[in-house]
Amino acid sequence: MKIVFIGAGSMAEAMIKGMKNASSFEHDELWVTNKNDSARLELLSEKYGVHRSYDLSSLLDEADVVILAMKPKDAKEALASIQPHLRQQLIISVLAGLSISFIENIIGEAAIARAMPNTSAMIGQSATGLSFNDHILDSQRVTVLSIFSAIGSVTCVEEARLDLVTGLSGSGPAYIYYIVEAMEKAASELGEDAMPFIIQTLKGAAHMLETSNLSPEDLRKAITSEGGTTEAGIAQLESRHVKDAFAECIKEATDHSGRLRRQFEQIH
Ligand SMILES: NC(=O)C1=CN([C@@H]2O[C@H](COP(=O)(O)OP(=O)(O)OC[C@H]3O[C@@H](n4cnc5c(N)ncnc54)[C@H](O)[C@@H]3O)[C@@H](O)[C@H]2O)C=CC1
Ligand SMILES: O=C(O)[C@@H]1CCC=N1
């Protein structure tokens, strides 16, 4: 299979690295292009053995899958540039906010999947939400599922839910890194010993969530001894309404996905 990435930034690289680490893609050809940063393409070619080209005609000729990985603001121009070279390729968009119908309006009838992965794809740990249009063949659906299953977990959702998936898990790793920044700062006295404690605490909590039948609240209460250290610490979070702030963070990111759609799908 010839898989072409239109866009070679953070998300494209995370997927490329994850796919290259997955044995299921060892015989597939990965190609990349971007706006004009040839040094970036050369770097990806050296790091991951991907092919690179700015010749859209040869790039898309015989391509089986085209993965749209540019920013929403650049999508209209990018789609217009590749449209003349599209035939029966399977289109996969990882763009935040932009709808399948927007893509169809520019490139015409095509099999289109809309995915919302995250950069944990780099280590095969992405959480991806997926939607498909009605033109997708069963074989193409299998191809999409195989790509995103190779780089993490996959959940098919109604397209209308992808804004929330974006706000929750597309952006989600950044929220966790934000918390880790605070933990690292608070544990600065431990120096380089702090991060191993933090990482194992995160891994342990994630695994408990995955394997115990307990809710996050019950798991938290099992740690919070009456009059103990956890109760004292969480009182600080409660007094600052941190739980509400995190809920608002996810809501705002979700809402912004919709704003991106309204901003960049306007047909001028
Ligand atoms: N970074 C992340 O964690 C995630 C990003 N996404 C989505 O992935 C897309 C890319 O995001 P990033 O990789 O973070 O952005 P980025 O800015 O790192 O990369 C964007 C790439 O698109 C290229 N590009 C721009 N205009 C182009 C054109 N006309 N033709 C070809 N290439 C063009 C740029 O040269 C660059 O290589 C966005 O739509 C974003 O919403 C989705 C999930 C997670
Ligand atoms: O911040 C963004 O817009 C992209 C989409 C989800 C994660 N990063």
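Observations on the structure shown:
- Taking N as the residue count of segment 117-268, its C-alpha radius of gyration divided by 2.2 N^0.38 Å amounts to 1.29.
- Packing-based ranking of 74-84, 161-171 yields 161-171, 74-84, ordered from highest to lowest mean Cβ neighbour count within 10 Å.
- Pairs from 47/251; 2/71; 47/243; 20/185; 185/251; 73/185 whose Cα-Cα separation, in the structure shown, is over 29 Å: 47/251; 47/243; 20/185; 73/185
- Solvent-accessible surface of segment 172-257, taken per residue with a 1.4 Å probe and all protein chains present: 78 Å².
- In segment 153-194, the GluC sites (Glu not before Pro) that fall in loop regions by DSSP, at most 14 other Cβ within 10 Å: 158
- Across all C-alpha atoms in segment 102-160, the radius of gyration and Dmax reach 12.0, 34 Å.
- Per residue, in Å², the accessible surface of segment 2-162 once ligands and nucleic acids are set aside, probe 1.4 Å: 45
- Loop-resident sites, segment 173-253, for trypsin sites (Lys or Arg not before Pro), counting at most 14 other Cβ within 10 Å (DSSP): 240
- At full extension, residue 186 and residue 222 could sit 10.6 nm farther apart than now, given 0.36 nm per residue minus the alpha carbon distance.
- Amide proton proximity set for residue 53, modelled H, under 5 Å, gap of 5+: 32
- Fraction of antiparallel bridges per DSSP, the chain only, in percent to nearest 5: 15
- Accessible-area composition of the chain, carbon plus sulfur, in percent [1.4 Å probe]: 54
- Put a dot 7 Å past the Cα of residue 38, heading toward its Cβ, do the same for residue 58, and the two dots end up 1.3 nm apart.
- Kirkwood-type radius of the chain, with distances r between different C-alpha atoms, in Å: 20.4
- Inter-centroid distance (Cα atoms) of segment 163-213 relative to segment 23-88, Å: 33
- With R₀ set to 41 Å, the beta-carbon distance separating residue 139 from residue 243 gives a calculated FRET efficiency near 0.35.
- Simple spin-label estimate for residue 51 and residue 193 gives 5.3 nm between the two label positions (7 Å along the Cα-to-Cβ direction from each Cα).
- Rh by Kirkwood over Cα pairs, then Stokes-Einstein D for segment 1-103 at 0.890 mPa s and 25 °C, µm²/s: 179
- Annotation: amide H-H contacts under 5 Å for residue 154 (H modelled 1.01 Å from N, sequence separation of 5 or more, or interchain): 128.
- Computed [θ] at 222 nm, helices only, for the chain once each DSSP H run of length n ≥ 4 contributes -39500 (n - 2.57): -16000 deg cm²/dmol
The values are calculated or read from the model by the stated rules, or taken from the named source; none is laboratory data. If you're wondering where the values come from, they're calculated on a predicted model, not measured in any experiment. Counting neighbours? That spans all protein chains shown, and the Cβs are built from the backbone with ideal geometry, glycine included. Accessible surface areas use protein heavy atoms only, side chains included; no ligands, DNA or RNA. Shrake-Rupley method; radii C 1.70, N 1.55, O 1.52, S 1.80 Å.
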